[in-house]
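The values are calculated or read from the model by the stated rules, or taken from the named source; none is laboratory data. Since this is a predicted model, take the numbers as computed values, not measurements. Heavy atoms of the whole protein, side chains included, go into the accessibility calculation; ligands, DNA and RNA do not. Shrake-Rupley method; radii C 1.70, N 1.55, O 1.52, S 1.80 Å.
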Amino acid sequence: SINHVEVNQLTEYVDAGATANDARDGYVAVTVAGAKLVETLLPTLPSSPYVVTYRARDAVSNVQVAYRYVHVINPCAAPAYLCTTGAAKGFCQTCIDGECICLNQVSAVATTEVVVEEFLPVSDTV
């Protein structure tokens with residue numbers, strides 16, 4: 001079984017878990033691997049999501065495996081991306097002719113709608 005979920009960049013990924021029901025044994029234990037490795041600082045490439053693996057084994061050692069693909073997405077409207085550091089962390093940023101600005105007053109984590117109320121310059125220095 002395969003399913004895909006999306007989580008916004010800079011938000012915490014909380015795994016939904018899985019259950020397994022065997023025709024003879026009823027509900028059996030499920031082990032999870034990979035859920036704690038999901039990092040949301042940067043978006044994933046569409047072809048490279050995080051993979052959470054679930055395994056269940058019944059009393060006679062039949063094994064069932066399921067996968068959840070976790071896609072970390074940029075919540076900002078294209079072509080903007082999310083500021084991940086500094087005072088602008090959590091706000092959408094866009095670059096025009098090499099000059100980057102952050103969109104103030106709108107948290108990209110809370111909404112995907114961007115309303116430009118004020119532009120603030122962003123320093124190129126690290």
Using a 1.4 Å probe over the heavy atoms of the protein chains, calculate the carbon and sulfur portion of the accessible area of region 43-89 as a whole percent. 56 percent
How are the Cα pair distances of region 1-47 distributed, in percent, across 10 Å bins from 0? 19, 44, 23, 12, 1
